[in-house]
1. Output the number of residues of region 63-79 satisfying the condition of being more than 13 Å from the chain's Cα centre (by Cα) and modelled with pLDDT under 90.
2. With respect to residue 109, is the statement that it is assigned to a helix (DSSP H, G or I), within 25 Å of residue 21 (Cβ to Cβ) and open to solvent by 10 Å² or more (accessible area, probe 1.4 Å) true?
3. Restricting to region 152-203, what's the tally of residues that are within 18 Å of the chain's Cα centre (by Cα), under 17 Å from residue 137 (Cβ atoms) and open to solvent by 60 Å² or more (accessible area, probe 1.4 Å)?
4. Inspect region 90-100 for any residue being without any contact (Cβ under 8 Å) to a residue 24 or more places away in the chain and not charged (D, E, K, R) and give the result as yes or no.
5. Among the residues of region 17-47, which ones are farther than 26 Å from residue 120 by Cα, in contact with a helix residue (DSSP H, G or I) (Cβ under 6 Å, 6 or more places away or on another chain) and open to solvent by 60 Å² or more (accessible area, probe 1.4 Å)?
6. Answer yes or no: is there a residue in region 113-120 that is farther than 20 Å from residue 71 by Cβ and assigned to a helix (DSSP H, G or I).
7. Applying the selection to region 137-151, what residues are open to solvent by less than 70 Å² (accessible area, probe 1.4 Å) and on the phi < 0 side of the Ramachandran plot?
Amino acid sequence: MSATRQGDSDLRVIATLEDDDRRELLTLARTAITTTAVTGQRSLPEVSELPPRLREQGTCFVTLRQGDERLGTTGEVTVEQPLGVDVAECALNTAFDDPRIPSIDRTQLDALSIEISILGPLVPTGASSYDELRQCIDGKHEGLVVEDGERRVTFLPHVWEEVRDTEDFLALLWRKAGLTPGDWPPNLSTASYRAETISDRPPG
């Protein structure tokens, strides 16, 4: 997963999504996965065929679940392509290219649920130490990006549901970045972001 880079000041979420757009994003993700699982042929939607809002630049993460089990998550925090294309591509990457899980096969399709996190702008935290960061992050509402040289990692906002508190959240993120919790290397930077999450997972 990549994170903040020079030139990302134009990162933006599609703040005006309508319900039809949200349903279309879920359809794009599921169609991409189903087509690939059944035919073995990967394809992305044509930009010209997308609804207008989904042609705008945006970025996301796609999480796949089977029942209560989270199978995998992949995505980007940098804008590189239209949101509709990014959703389909991230869905394919999660289903077939995530090295942490076996590729999805057609027998799993009916039980598969899809969760799309559409990211808002990266906002530098301004923190200059681990303790300062712990005090300034808005737990349970924000994702966090940590960059140390070439190493960039992030936790989405939903990770707050899986940890006990801010200390646990930061410690796990630091370990994911290959750092010791509490350390603050000279070139380290952090940024937060909000995300809108849509899912076709049945309620409850």
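1. Looking only at that region, the number is 4.
2. When the stated conditions are applied, residue 109 passes them.
3. 5
4. Keep residues of region 90-100 that are without any contact (Cβ under 8 Å) to a residue 24 or more places away in the chain, which gives 97, 99.
Then drop every residue that is not not charged (D, E, K, R), which leaves 99.
Scanning region 90-100 turns up at least one residue that is without any contact (Cβ under 8 Å) to a residue 24 or more places away in the chain and not charged (D, E, K, R).
5. 38, 42
6. Within region 113-120, none of the residues are farther than 20 Å from residue 71 by Cβ and assigned to a helix (DSSP H, G or I).
7. Within region 137-151, 137, 138, 139, 142, 143, 144, 145, 146, 147, 148 meet the criteria.
The values are calculated or read from the model by the stated rules, or taken from the named source; none is laboratory data. It should be emphasised that the depicted structure is a prediction, and the values quoted were computed from it without experimental measurement. Counting neighbours? That spans all protein chains shown, and the Cβs are built from the backbone with ideal geometry, glycine included. With ligands, DNA and RNA removed, areas are computed over all heavy atoms of the protein, side chains included. Shrake-Rupley method; radii C 1.70, N 1.55, O 1.52, S 1.80 Å.
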